[in-house]
Structures are given as structure tokens and as C-alpha cells.
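K.L.:
The following block contains the structure, expressed as C-alpha cells.
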Amino acid sequence: MNTRRDFIRISTLAAGGVALGLTPLKFLSGSRSREELLDLPAGSSREIYRRIPSYCEVCFWKCASWVYTNSDNQILKVLGNEDDPLCNGRLCPRGTGGIGMYHDEDRLKTPLIRVQKNGKQEYREAGWDEALDLIASRMKEIKAKYGAESMALFNHGCSGPFFAHLLHAFGSENNAAPSFAQCRGARDVAYIHTYGTIPGSPEITDIRDCRCMVLIGSHLGENMHNTQVQELAEAIDQGITLITVDPRFSTVAGKSKYWLPIKPATDLALLLAWIHVIIEEELYDKDFVKLNTTGFDQLKSHVSSMTPEWAYGITTLEPALIRLTAREMARAAPASIVHPGRHVAWYGDDTQRSRAIAILNALLGNWGKRGGFYVPEKVAIPDFPCPDYPKPAWNFHDIHLQKYPLAEESITNALIEASIPSADNHHQIRGWIVSGTNMPEAIPDKQLFLKAVDSLEFIVVVDTMPMEITGYADVVLPECTYFERYDDIRNSAFREPSIALRMPAAEPKYESRAAWWITKQIGERLGLHDYFAYDHYEEVIDWQLKQVGTSLDEMKEKGVMRFSRNKDVYLEGEIKFNTPSGKIELYSAAFEAAGLDPLPVYTAHPEPPAGYYRLIYGRAPMHTFSRTANNQNLIDLMPENAVWVNPKVAGIEGLKNGDRVYLKNQDGIRSSFTVSVRVTERIRWDSVYMVHGFGHSKKELTKAYGRGASTTELITRVMVDPAMGGTGMRGNFVMFVREEEGKEVEI
Ligand SMILES: Nc1nc2c(c(=O)[nH]1)N[C@H]1C(S)=C(S)[C@@H](COP(=O)(O)OP(=O)(O)OC[C@H]3O[C@@H](n4cnc5c(=O)[nH]c(N)nc54)[C@H](O)[C@@H]3O)O[C@H]1N2
Ligand SMILES: Nc1nc2c(c(=O)[nH]1)N[C@H]1C(S)=C(S)[C@@H](COP(=O)(O)OP(=O)(O)OC[C@H]3O[C@@H](n4cnc5c(=O)[nH]c(N)nc54)[C@H](O)[C@@H]3O)O[C@H]1N2
Ligand code: SF4
Ligand SMILES: [Mo]
């Protein structure tokens, strides 16, 4: 590649200690004793281990845990904290295997600085002072030339708030996370404009007491969000009726009374037909709708022609099945949920699909009801005192509100676009800080990303691993893993308010450091001392804990603390919603004012051309996105992804189980690596399915390199949501390509 900022491979530095051979524990192994779970030698007493409180970072559910170390301060195992209402003492396989991240010898070990050597760009190891000085001086330069606002932050996970604090103190509010435009943004915008609030994280679905749940795409069981999976298991034992809508026979489809193998991209037609049936057959909660909603008459006339027969032609689902399932969900109401989903960036009309789900829930009258949506509550922890942030001259709203009127949060892809010089840009991004997000794998449209990278004046990447994103940095900083650091107090809004502490269970390995320390060091160099007025983050945490009646010392012993609620979990009668009308807005005047359909309208999406199949993707219980692909404990459970192919397709294409193929998309982009074929009836014939997060192209990820195929590199067509800028990623079509005697053969 011949660009200003070549993608650099970080050479593997000296190997550290030998990783412990850890066997991942079984999920839901709550009946075994701690000693059994710890696999300690027979006769071992408690004295030989110490337990340190933490919470998990393998995904964003933040399950509270105990990290067990031996007398040599080696980390042995991590187990769930029994007092934690979010995990009830049980971690998922990823959480248990998370220690693999701490032991990984491929970890980033020292700061690295990009240099030019013999006409070639490469990284050299640097000390912290040199790297931090360089970052501060480049940030000052950018601020002097273009204003502080032209620095942007891309972040995800617990390091995010530290870097956001730094950026805001510096004078920019341009920080974005893939959890909006690539994940739950369309859902949240839809709920804000229907209910005046979001379904939350953890989602406020009262699955425990639910009697009928519809899962549209949402694949709980493979999507391992802990509390939801535990509650679903409980609800299944109590006889919940599950209706799963998925072109793939997912794990939860296997537990469902009804599996609706919908033609992909047509869910909105099904939802409108369900609304039609529920209104037409007067199955909706009349009192609730009268008391708590506006726009019912408009909705009724809007869906009057959207019959199950109409939807059949679009979705391929039998009208009788559509009617039957509508009646099932209405019969169980209000203990009946149409799950709002989470990763909803599918087809570009995702806000409208999420609105249809929100409307359907309103007809079931389940808001504030046991078995429906509960009222969450969290602990009121004050911020550590610091001066107000400076007011930036412009922020991300100025970049994208013209184009995406309902974007509530900052859009990663819009900030990437704003990093490429163009006459259309009113505001230009010049430098990036990236922490905790592997942008080339998390955000589609690699060409756009590369153009931005090539235009930027400065990029800092903070990561624990030499992931793809690190190869584009001018400076790479090694963060220590969540086992080796303090982070902010976990404070999740849930049925029961609780807090959890994360503290180091071991010294940071190599030269890695915590985000709180890194950001303070940069802040001090930028003259922002007052925003970082502590010597150690323990002071901040202790101060905050004391404001809510506990202390760092107490939390070090307990790990988790539960609090009593001030509000009711469920609501009766008329509810006050935080919308302009104070009601649930079935008809959205705000959408109308923004030039969007005020009631969801089905629009057809492109179909695969002949010889191509729609590429759909999802999760596996033992991995999280691309971040776990190099984790030995999880590789032991699932070494790579496969491409799921329907037997009919396998017949046409001459494929059999275990064949290795490349996938090539509609734009001629071929996967970098081959992927193994899994022939299965569990996928429709018009689609193929892969687990996201594999096919790593960085050789420094010695265990993940070349294993399986990346979904993201095949997602070159992005269907952008006009309401909030989300990147619909399921409009890509692939064909199979075999490599025979060094030649590529299209199948
Ligand atoms: N093709 C495709 N794209 C997707 C998705 C998909 O299913 N398919 N899913 C979308 C969704 S729902 C989401 S939420 C996003 C997720 O997007 P990301 O969160 O960006 O996902 P990862 O690919 O896991 O990248 C995480 C990065 O953080 C680093 N990291 C891990 N722990 C730490 C830490 O403690 N500190 C620091 N500084 N870095 C750390 C990892 O090494 C890795 O580089 O992806 C979205 N993009
Ligand atoms: N183990 C594990 N669990 C995780 C994560 C992880 O990385 N690993 N990530 C977490 C995060 S951040 C998120 S956002 C969630 C995401 O998880 P969810 O929100 O549950 O799921 P999605 O990614 O939206 O959907 C994946 C499912 O949609 C189906 N699907 C594909 N196309 C269509 C379609 O057109 N219509 C319908 N009805 N279904 C379709 C796929 O077959 C697949 O079963 O998972 C969370 N949980
Ligand atoms: S659900 Fe699993 S990976 Fe996510 S925080 Fe909990 S234990 Fe960790
Ligand atoms: Mo997500």
C-alpha cells in the first residue's frame, strides 16, 4: 500500500511468562461449590487463594465477579459474584474465559511510535514519557491550527468515559461509539420518539415473569447477555410461549413454539400485519391504549389494508401463522413482550422497524407491567468534582443533524466521513483518539475508513491487543486488561439498583497502564490539571462511594452492593411519558416534522442477484465480536467461524460439509481467508450465515490470524438509516469461490 499512513504490522515482541492452562467453566454451573469451581487441589483450604472484586469487560453487560489469585499473586480463575443481581454468581463462557486476555502473550507491551526507516514505515518501542509528550504536543498543534473541536474520539467499553472526559476538557464533544450507529441506535431513537425513553442496557424487559415473547432476529442464547439468558431459561421452565422470527433456526428458535423463518429484510411487513390483526380482531388492550397513547385512529387506518395475506406475499409466512401468533401474543398480554432487540443496524429502515415493534408493544399494554417492561432504577452516584467543560464552538450535532435529523448520539460513520476533506464539510476532523474499538472490523465500508485514515494529521490508538486498528496509528498505547486496573464504579439501571467495584487483581503486565492513568498523564501535559485533581483513581472511587453510604474499603470486601428502590417497579393507570404529548406516540409528529413517515411504511429492499446469497451474521455464545478471537480459552471452545449453507444451495453449488471456500460479494470483494462450509437445514436457501468477529488479518494475533472469514470486509454496501445515520449491514450478497491449483474458480 502506498499511502501517507501505511498499515503497519506490529512485530511480536519478546514473549512473557507461560500462560496458565485454564479450563473454561461451564455456564450456569451455580450448583457446584466454589472449591470445585476453582479446581483447587484436594484438601486445599481457602487460605491459599485471595479473591478480588471486579466486573467483566468481555461484553457490556458488566457482570460482577471475583478474581481468584494464589499466594504467588497469579490469577487462577474468575467466577461470578453471587450478590450481583445481574449475574447471580454465574458468568457466561466468555466471562469465565476472559482471563485468556490477561495471559495472552500477543498483548501490546509498550507504547509504539510510527517512524520512517529506509523508506519504510514501522513502529519503534517508546517509553511512556516520550509517547505521552508526543500525543500532547500533536493535540496542542491541532488545537492551535484548527480548534480543539477537530479532535475526535472513537471509543467503546470502560476506557471510553476516561477518554471522553479528556476530550471534553480539551474542548471537543466529538466522541462516538459503535454502540449507536452500528448497534442499538435505531432502536433507541424509535423508543425515544414513541415512549420518551430507551429500552436500556440491560434491557428493561421483564423476561422472568413474561408469558409470551416474540424475538425478531434477537437471538438470545447465542447473544449471551447474561441476565436475559438466565431469565429466559427460568421463563422456559415456567412454560413461556416463544415466537422466534429468524431466517435461521437459532438456538432460541429451537426452544420456541413457533419459528417463523421469514424472508430476510421483510420483518416490517410482518409487524404491520400483526398490528393489523391485533386491531382488526380487537385484541389490543383497549383501556391502556385509550389512557396512554395518541394516534390510534391514524394507526388503525394506516394498517387497514396490511392484511396477513398482503404480508404473505412479502415475507413468505403463511397468513394463518401470522394470525395465530398475533392471537398468542395478545392472549398473554400484558405479560407479553415483542423484544426490542439490540443490534438493529440491518436494512437502513431500522428506525421504522423498531417503531413498529414499539407500537406493537403499546397495543399489548405491557409498559410498566409485570412480565412486560419494568421501570429501571440506578444509584445516584455524583460525579467527582471538576470545573465545567469548555463550550465547543461546534460539535457532532453540527456535523450530522442536517442529514440525520433524529440522531440522538454521535454517529461513528458520520465522524469518519467528516475526517475526509470535502467541499461539503462545514467542519473538518483532523485527529483521532481511538480506544476500545477495532474500527476496521466494527464499522463497515473499509474504503471510507482508509480514506479518512489517509487524510488525518494524527491518530492515537489505545488497545490491549495488536488488533487491526493499531496498524493505522501514529502512536499506539498499551492499556492493561480489566484484571489489572481500576475503572469507574459499575452502576446499572435494573429492577434492583446495585453497584460493583473493579479493582486490580494483579500488577499490569509489561508496560501496560490503565486508562485513568493514561488520560491523567495526557491531561496534565495539556495543562488540564484541574480536571484530573487526584493522584490515584482510588481517591475518586472512594469519594464517590462515600457519597452513597459506603467506601472503597467496604467495597473491596463485598464487590457488590445492592440498594433499595425509591420508585415502583410496575405502574398502574395513566402513565406520564416523556414525549411532547405525554403519551405513547403511535403516530409520530416528530418523525413527520423531520420529513420521515410518521407511521412505519414497508419498503422493499434489493434481492440477491442470481448465484448470490444474502450474507447474514450474528453471535456465538463463546465469542464477543472481534475482541475474543485471539483468546486461547475461547479458541478452545470455538476456533473459527463457518458459513452456514442450506442443503439445497449446497446441492446447486456442489458444496459439502467441511469444504473450504472464499466468499466474494456483489462488489467483487473476496474474503481474505477461506471459511469452512456447514451444510444445514437451519438456514433458509436465500441466505448464508456467519458468526461475526473472525478472519483477522493481523499476523501479530498469532492465534486468530487467518482463522475463518470476516463479515465486515464483505459489507461494502451500507444501507444508511435516514433517521439516525445507522449503517444497515445486511444488504450484501455473496457467492462461493474455490481456490484450485492457485486459480480462483467461481462456483
Ligand atoms: N460486520 C459486523 N459489524 C459489527 C457487528 C456485527 O455483528 N457484524 N456488530 C456491531 C455491534 S452490535 C457492536 S456493539 C460493535 C462492537 O464493536 P467493538 O466494540 O469495536 O468490537 P470489537 O471488534 O470487539 O473491538 C474491540 C476492541 O477493543 C479492544 N479492547 C478490549 N478490551 C479493551 C480494554 O480494556 N481497553 C482498551 N483500550 N481496548 C480494549 C479489543 O482488543 C478490540 O480492538 O460492532 C458492530 N459491528
Ligand atoms: N455471545 C455474545 N453475545 C453477545 C455479543 C457477542 O459479541 N457475543 N454482543 C452483544 C451485543 S453488543 C449485541 S448488540 C447483541 C446482538 O444480538 P441481537 O440483538 O440478539 O441480534 P442481531 O445481531 O440483531 O441478530 C442476529 C440474528 O438475526 C438473524 N437475522 C438476520 N437477518 C434477519 C432478518 O432479516 N430478519 C430477522 N428476523 N432476523 C434476521 C440472524 O440469523 C441471527 O440469528 O448481542 C450481545 N450479546
Ligand atoms: S454476559 Fe458474559 S461476557 Fe458479558 S459481562 Fe457477563 S460474563 Fe462477561
Ligand atoms: Mo452491540
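The values are calculated or read from the model by the stated rules, or taken from the named source; none is laboratory data. The model shown is predicted, which means the values in this text are computed figures rather than measured ones. Reconstructed Cβ throughout: ideal geometry from the backbone, glycine too, with neighbour counts over all protein chains shown. SASA here: full protein model, heavy atoms, side chains in, ligands and nucleic acids out. Shrake-Rupley method; radii C 1.70, N 1.55, O 1.52, S 1.80 Å.
K.L.:
Mean separation of Cα pairs under 8 Å and 6+ residues apart, divided by the residue count of segment 613-741: what relative contact order is that in percent?
P.N.:
Value for segment 613-741: 33 percent.
K.L.:
Regarding segment 191-288, what's the average projected area of the Cα-atom convex hull, expressed in nm²?
P.N.:
It is 7.3 nm².
K.L.:
Set Lys and Arg Cβ to +1 and Asp and Glu Cβ to -1, take the dipole of segment 613-741 about its Cα centre, and tell me which of PHE625, VAL677, VAL643 lies farthest positive.
P.N.:
PHE625
K.L.:
At a 10 angstrom cut-off on C-beta neighbours, averaged per residue, how do the peptides 439-451, 309-321 rank from highest to lowest?
P.N.:
Order by mean packing, descending: 439-451, 309-321.
K.L.:
Show the residues, 5+ positions off or on another chain, whose built amide H is closer than 5 Å to the amide H of SER687.
P.N.:
Distant-sequence amide H within range of SER687: ARG614.
K.L.:
Follow-up question, since we're still on this one. Of MET139, TYR191, ASN155, which is farthest towards the positive pole of segment 135-225's charge dipole, taken about the Cα centre with +1 and -1 on the beta-carbons of Lys, Arg and Asp, Glu respectively?
P.N.:
With unit charges placed on the Cβ atoms, the residue in question is MET139.
K.L.:
Note down the magnitude of the dipole of segment 613-741 about its Cα centre, charges +1 on Lys and Arg C-beta and -1 on Asp and Glu C-beta and zero elsewhere, to the nearest 20 debye.
P.N.:
Once rounded to the nearest 20, the dipole reads 200 debye.
K.L.:
Calculate I(q)/I(0) for the chain by the Debye formula, one identical point scatterer on each C-alpha and no solvent, and give its log10 at q = 0.05, 0.09, 0.10 Å⁻¹ to two decimals.
P.N.:
With no solvent term, the Cα-only Debye profile gives -0.24, -0.85, -1.07.
K.L.:
Further, regarding this structure: Find the relative contact order for the chain and round it to a whole percent, using C-alpha pairs within less than 8 Å whose residues are 6+ positions apart.
P.N.:
Worked out over the chain, it gives 19 percent.
K.L.:
Quickly rank 371-381, 140-150 as a protection proxy: mean count of other C-beta atoms within 10 Å, highest first.
P.N.:
For the peptides 371-381, 140-150, the packing ranking is 371-381, 140-150.
K.L.:
Can I ask one more? Averaged over every viewing direction, what's the projected area of the C-alpha convex hull for segment 216-351? Give it in nm², one decimal, please.
P.N.:
8.6 nm²
K.L.:
Of SER218, THR110, LEU324, which is farthest on the positive side of the dipole of the chain, counting Cα position, with +1 on Lys and Arg Cβ, -1 on Asp and Glu Cβ, and the Cα centre as origin?
P.N.:
Selected residue: LEU324.
K.L.:
Next up: So how do 394-402, 338-346 stack up, highest first, on mean other-Cβ count within 10 Å?
P.N.:
338-346, 394-402
K.L.:
Quick check on segment 555-613: what are the equivalent-ellipsoid semi-axes from the Cα gyration tensor, as sqrt(5λ), descending, whole Å?
P.N.:
Semi-axes (√(5λ), whole Å): 41, 28, 11.
K.L.:
To the nearest 20 debye, what charge dipole does segment 515-622 have about its Cα centre, counting +1 at the Cβ of each Lys and Arg and -1 at the Cβ of each Asp and Glu?
P.N.:
300 debye
K.L.:
Using amide H atoms built in the peptide plane, which far-off residues or other-chain residues are under 5 Å from ASN175 H to H?
P.N.:
LEU153
K.L.:
Which aspartates and glutamates, on any chain, are close to LYS391 with Cα under 17 Å apart, when same-chain ones fewer than 8 places away are left out?
P.N.:
Partners within reach: GLU149, GLU173, ASP530.
K.L.:
Taking the Cα centre of the chain as origin, sum charge times position over the Cβ atoms of Lys and Arg (+1) and Asp and Glu (-1), and report the length of that vector in debye to the nearest 20.
P.N.:
For this selection, approximately 980 debye.
K.L.:
Given a 1.4 Å probe and heavy atoms of the protein chains only, how would you sort VAL569, VAL58, largest accessible area at the top?
P.N.:
Sorted descending by solvent-accessible area, the residues read VAL569, VAL58.
K.L.:
Here is a follow-up. Looking at the square roots a ≥ b ≥ c of the eigenvalues of the Cα gyration tensor of segment 495-638, which shape do they give, rounded for a/c under 1.5, prolate if a/b is larger than b/c, or oblate?
P.N.:
oblate
K.L.:
Next question. Taking LYS743 as the anchor, which lysines have their alpha carbon closer than 29 Å to its alpha carbon, excluding any fewer than eight residues away along the same chain?
P.N.:
LYS446, LYS648, LYS656, LYS664, LYS698, LYS699, LYS703
K.L.:
Kindly give Rg over Rh for segment 613-741, based on alpha-carbon atoms, with the Kirkwood expression for the hydrodynamic radius.
P.N.:
Rg/Rh for segment 613-741 comes to 0.97.
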